[in-house]
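Novice: The structure that follows is given in the form of structure tokens.
The values are calculated or read from the model by the stated rules, or taken from the named source; none is laboratory data. Here the structure is a predicted model, which is why all the values come from computation and not from measurement. FYI the Cβ positions are ideal-geometry reconstructions off the backbone, even for glycines, and counts take in every protein chain you see. Calculation scope for accessible area: heavy atoms of the full protein, side chains included, ligands and nucleic acids excluded. Shrake-Rupley method; radii C 1.70, N 1.55, O 1.52, S 1.80 Å.
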There are 10 protein chains.
Amino acid sequence: MNRNDVTEKIITAKVSKGLKWDEIARVVGMSKEWVTAGCLGQMTFNAEQAAAVAGLFELTEEETKWLQVVPYKGSLSGPVPTDPLIYRWYEVVSVYGSTIKELIHEEFGDGIMSAIDFSMDIQRESNPNGDRVNVVLSGKFLPYKSY
Amino acid sequence: MNRNDVTEKIITAKVSKGLKWDEIARVVGMSKEWVTAGCLGQMTFNAEQAAAVAGLFELTEEETKWLQVVPYKGSLSGPVPTDPLIYRWYEVVSVYGSTIKELIHEEFGDGIMSAIDFSMDIQRESNPNGDRVNVVLSGKFLPYKSY
Amino acid sequence: MNRNDVTEKIITAKVSKGLKWDEIARVVGMSKEWVTAGCLGQMTFNAEQAAAVAGLFELTEEETKWLQVVPYKGSLSGPVPTDPLIYRWYEVVSVYGSTIKELIHEEFGDGIMSAIDFSMDIQRESNPNGDRVNVVLSGKFLPYKSY
Amino acid sequence: MNRNDVTEKIITAKVSKGLKWDEIARVVGMSKEWVTAGCLGQMTFNAEQAAAVAGLFELTEEETKWLQVVPYKGSLSGPVPTDPLIYRWYEVVSVYGSTIKELIHEEFGDGIMSAIDFSMDIQRESNPNGDRVNVVLSGKFLPYKSY
Amino acid sequence: MNRNDVTEKIITAKVSKGLKWDEIARVVGMSKEWVTAGCLGQMTFNAEQAAAVAGLFELTEEETKWLQVVPYKGSLSGPVPTDPLIYRWYEVVSVYGSTIKELIHEEFGDGIMSAIDFSMDIQRESNPNGDRVNVVLSGKFLPYKSY
Amino acid sequence: MNRNDVTEKIITAKVSKGLKWDEIARVVGMSKEWVTAGCLGQMTFNAEQAAAVAGLFELTEEETKWLQVVPYKGSLSGPVPTDPLIYRWYEVVSVYGSTIKELIHEEFGDGIMSAIDFSMDIQRESNPNGDRVNVVLSGKFLPYKSY
Amino acid sequence: MNRNDVTEKIITAKVSKGLKWDEIARVVGMSKEWVTAGCLGQMTFNAEQAAAVAGLFELTEEETKWLQVVPYKGSLSGPVPTDPLIYRWYEVVSVYGSTIKELIHEEFGDGIMSAIDFSMDIQRESNPNGDRVNVVLSGKFLPYKSY
Amino acid sequence: MNRNDVTEKIITAKVSKGLKWDEIARVVGMSKEWVTAGCLGQMTFNAEQAAAVAGLFELTEEETKWLQVVPYKGSLSGPVPTDPLIYRWYEVVSVYGSTIKELIHEEFGDGIMSAIDFSMDIQRESNPNGDRVNVVLSGKFLPYKSY
Amino acid sequence: MNRNDVTEKIITAKVSKGLKWDEIARVVGMSKEWVTAGCLGQMTFNAEQAAAVAGLFELTEEETKWLQVVPYKGSLSGPVPTDPLIYRWYEVVSVYGSTIKELIHEEFGDGIMSAIDFSMDIQRESNPNGDRVNVVLSGKFLPYKSY
Amino acid sequence: MNRNDVTEKIITAKVSKGLKWDEIARVVGMSKEWVTAGCLGQMTFNAEQAAAVAGLFELTEEETKWLQVVPYKGSLSGPVPTDPLIYRWYEVVSVYGSTIKELIHEEFGDGIMSAIDFSMDIQRESNPNGDRVNVVLSGKFLPYKSY
């Protein structure tokens, strides 16, 4: 047994039970973005959170333990994703990557925007020309250390 | 001559003149995100915008015409970027890609968040634990057409 | 269980029952192009369409639910397809890609032809020198947003 | 000197002269799709066509000869194109490739749709919800020979 | 069940029964080259041929149906084959590819040698310095269509 | 200077002088297949052959020496060729590779068909349904040594 | 069943029985290098040799037949091996490849050192500074044929 | 200027002067294998050796300094070499890699055969069936350290 | 059965028993770095160490034998790791690789830092700005042999 | 002009002047590890440091400005380095990557060891069995944020 087995069991159970990520997140008591990432095998739950997830998806005690083990992360197969929705994000990195780099360096100097001390918020924006997906990414700036 | 030649000339001139993207964007009269992407060879300027850019960087008439030609886009070499700042964004797609997909589909159904009818805003958030980079991505939702 | 399992079950059943995509599409009540893509795991059926597919292929209730979940898309393995028929399409993109880009930009300006708000129609054209395959692709033009 | 040098000279001249592919095609007397592909180094011109192209772009005699030599074809670098417009076509092959294969085989049996005995027509379709790009691809069906 | 399952069953049966491709081809009544390719999952049999193959290898009715379905072709894994015999052919394409291209274009003009309307004949040539493998490849020339 | 420089000079000179490979081969006194491969940088000429090639293409003494140095072979860039004519050969190896392997092993046992002690002959076959390209490949069989 | 299944069975049996390749080779009556390669699925045994191997590893009759079928060769996954011992050999080809090429061509002219008519001998050399691995590779030189 | 520039100058000079690696090695006073590797940019010469090489190839003082700088090693482009001679060595690693690993571990235990404390000797062996290339590779065995 | 099966069994047992690597290492009597690498299938245990591991994880006798067989090493899939923690180490090699090379060569001359005669020590350093991970890598310097 | 041009100029000047990294670092007044990384185009100098570097290598004013621009980082070409010294580090990540991950997570929980708030120290350790290279890597631990 490994974490992928638990992830697959969660996804299968979610479809057959007809649960929504938003409902699951409310049971766990954290944001829907972080809980979804955890259920998809990218984040580590603590014992209480793992118990809540286990209750929803009828996980065994051993499966619940796996939710508390740090996973090998990376949710996509292959360097270039084939799924059109995920590819659009990859395209944003490809087209705007050098722009993002220039503007963050102009504002902050040499360093990175952390993907660890990081949060994400996904919202619908109503719009008469077609609703929009708004995503806010927030990451701590970490300057390169010189020594 | 091609668009890359113009991009390299702009970057070289920017360093030797000590210009900032923010100043350049104010001269062009558009957002700093879009103008930077354009100067880096990813967007197409109209005649007036191209003239403003040409004035700043002392471009020839032919170089100014290239700014108005739709470029072959993609600002990174190789599928996996080696630069740490850009890689963190790639990592976000790798770690959170399936989460983003699940949550957008839960809210909107099958379709994508457009990377074309799309805008981006990068801001500094002051924070006593270290300032944060906040990025807002806004893209129109496009549902898959069935027929 | 996942969507691939359902796709494989549909393909196996189709061969053993000797059904045609054209017949299946008529039962579902949509075009043969879209229904085939859906049965091959690329599109999302609504409840009624899923029920029709389930009836034809004797799917279980859980399998029928999977037809209504947005799939991870991409029907080919590897970046360069080995199958001669599919490769010819890949070759069209390789040989004519820059031509298509030039002509769409000449007519419409910077932007893309949508692969989401998109339909496809495949027809046989009788021809004394050998029949021809005629394919009409229709996609909405989406201009790049400047901001 | 090679064909790529001639292609680059044509593209540079086209931008500085402000010519359109449609005008170029009318001078050459063939479709805009085929002439653009030829000017981009994918097709072979005969002497008369080459002379017309040479006149428009002020090519030397040697450059004009290269237009009549069969080129090494393939207009994209890398197996997965980074340009968003061209990628959408690649995505169509990825998402619909197995559908196209199934439907052509259902209608014609084992074989391929030729990419050699092939033509393409790109048209604008006015539409109140946003204009559409319509592309007609026509290729001879070639059955696999058994022996 | 899919075509690969049938291919593996045929190969396993061939080894345990000690059959030769030449004998199998004579039962099917076609060339040994084409029949071997079919048994290895690259060609489509008609009902009569499939019945002959099924008789030899004790295939079930469903397996026999799969022999009549157009397969996803490509018999090698990875772009560069590791098997020394197959690699020598790949090496011929690598070393002589540009030569073959030049000589076919010199004789026929722009176009291709078809790999669909194609046959192959493999023969032993006795030779005192060591026997030779002689392979005749015959493919229809298809000129590029201009339009 | 290296062999590629000489190859490019030969190809450029061939186009500007309008020479044919068949004529060049007759001057060198070897088959057109081998001479073309040599001029394209894949084979090593002896002093006399190199002098004949040098005379035709007005090579310098140093360039003539390079024709007599064993080259780094391989005439294609990338593992999967993009040119349609060369790809058809690659496709033959992909589709028929396992067939060729089976039939040569059935006839000869374990070993390979040499690509070194090897010759190739390309001929046109007139045919009312369209002329055919016939290619004869002849390679010595080399059995694996056991020890 | 295929050759890989037999290879895995042999390796598993070898570990549980605690046999050495050297002992196995003595039972088969050939060199330890060739017998090991055969047991690892790279060489073809004759009936007598296969019987000896089968006796040692308790193979079934069908498994014994597979040892006599020419295998699809190549014992490593991926183009660059991750195992440190095997990588050192890959590194030798990377660092010394051009040296080996130069020196063999200087001595023999254009051609190759055969990897088919080839043998290998691995010996320990005692050395006060640490024992050495000595490997002798012996391959027939095959000159390129001109025609 | 970098080491590659020096390597190219040496190779060009070697061809135009008609020198042999064996003669060069005798002037330098080391084995032909090591000297060739050094001239091809894989090894570091000391001052005296560099002076000998510089004298033969008329190198400048700066070029002579580069011969004494440790180079970035690796003499092949791409993971799978296209040159037939070098490929045969790559094939040996592919086919015999697991055999070599097994036999060295059987004799020495866990560890590697060094590619650094390593020497190579290439010799011709006369043979009535065709001369053979004999290569002796000698590398120190390094056991894995446990701690 | 192979070493990977044993590794997976150990990892699964470790999670369900709630053991720590540090405790396991103390039972085996070696450093936690080396024991963890061994349990993850990268190192070879001797009989006594294997018995200790087997006792902790309730391995069978055959599984215990596999721990004493030299494994095929390499604990990551794909050349670029997707896991953020492991990627940071890969990034260190990417960003600092040329620096490490320059400084080791400046101090020691041409050669390598051994990854075989090598040890690693991972420690926590308390720090008011956030604790740090300190890793000491120690490898024997091996000079390139000239001959 | 770009940063790579400055890096190449620095490396060329360092060889022709015979400077050592250690001396350069003392002039700049930072550690030899950080200064070397900066000179190799991986770090950003401030005005004073850039002036010191410029003085040593006789850089122009424009080149000195480039040293103060944040570079596109990544000092290696290709995902798998060919240089033996750098490869040994890559091998450490491959062999010990999962071990490092396990031990850091066991000590710190989910998160990463920063490669940004990071320093490195390379030292020689005298040793009668051959000197050792000791490298200390120190990176801040960053826990994954939950929200």
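Novice: In this structure, is I:V69 touching a helix residue (DSSP H, G or I) at 6+ places or on another chain (Cβ under 7 Å) and more than 19 Å from J:V93 (Cα to Cα)?
Specialist: When the stated conditions are applied, I:V69 passes them.
Novice: If you don't mind, another one. Could we say that A:I104 is away from chain I (no Cβ under 12 Å) and of a type outside the set (G, A, S) here?
Specialist: For A:I104, the condition - away from chain I (no Cβ under 12 Å) and of a type outside the set (G, A, S) - is met.
Novice: Shifting gears a bit: Does H:V28 fit the bill of being within 18 Å of the chain's Cα centre (by Cα) and among the β-branched types (V, I, T)?
Specialist: So H:V28 fits the description; yes.
Novice: Right, here's the next one. Which of the residues belonging to the range E:18-63 are of a type outside the set (A, V, I, L, M, F, W, C), over 23 Å from D:P143 (Cα atoms) and without any contact (Cβ under 8 Å) to a residue 40 or more places away in the chain?
Specialist: Passing the criteria: E:G18, E:K20, E:D22, E:E23, E:R26, E:G55, E:T60, E:E61.
Novice: Just to be sure, is G:S31 among the small types (G, A, S) and modelled with pLDDT under 95?
Specialist: So G:S31 fails the test.
Novice: If you don't mind, there's one more thing I want to ask. Among (1) open to solvent by 10 Å² or more (accessible area, probe 1.4 Å); (2) out of contact with any strand residue (DSSP E or B) (no Cβ under 9 Å at 6 or more places or on another chain), there is one condition J:I24 misses while meeting the rest; what is its number?
Specialist: It fails just one condition, (1).
Novice: Within the set of pairs 6 or more residues apart or between chains, which connect a residue that is more than 7 Å from chain D (Cβ to nearest Cβ) inside the range C:133-147 to a residue that is assigned to a strand (DSSP E or B) and open to solvent by 50 Å² or more (accessible area, probe 1.4 Å) with Cβ atoms less than 9 Å apart?
Specialist: C:Y147/B:D121
Novice: Here's a follow-up. Looking at E:I104, E:I116, can you tell me which residue is β-branched (V, I, T), without any contact (Cβ under 8 Å) to a residue 40 or more places away in the chain and within 30 Å of D:A25 (Cα to Cα)?
Specialist: Matching residue, one of E:I104, E:I116: E:I104.
Novice: Please work out which residue is most open to solvent (accessible area, probe 1.4 Å), limiting yourself to the range E:1-19 and to residues that are more than 12 Å from chain G (Cβ to nearest Cβ) and among the charged types (D, E, K, R).
Specialist: Result: E:D5.
Novice: Turning to a different aspect of this structure: Under 7 Å between Cβ atoms, which residue pairs at least 6 apart in sequence (or on different chains) link something in the range A:64-76 that is farther than 15 Å from B:I100 by Cβ with a partner that is open to solvent by 30 Å² or more (accessible area, probe 1.4 Å) and assigned to a helix (DSSP H, G or I)?
Specialist: Partner pairs satisfying both residue conditions: A:T64/A:A51; A:K65/I:S16; A:Q68/A:A47.
Novice: Is it the case that the range F:51-62 has a residue that's among the hydroxyl-bearing types (S, T, Y) and touching a Lys or Arg at 6+ places or on another chain (Cβ under 7 Å)?
Specialist: The answer is no; no qualifying residue exists.
Novice: Does F:L67 satisfy the condition of being touching a Phe, Trp or Tyr at 6+ places or on another chain (Cβ under 6 Å) and either of a type in the set (D, E) or modelled with pLDDT of 95 or more (or both)?
Specialist: yes
Novice: Restricting to the range C:72-89, count the residues that are on the phi > 0 side of the Ramachandran plot and more than 7 Å from every other protein chain (Cβ to nearest Cβ).
Specialist: 1
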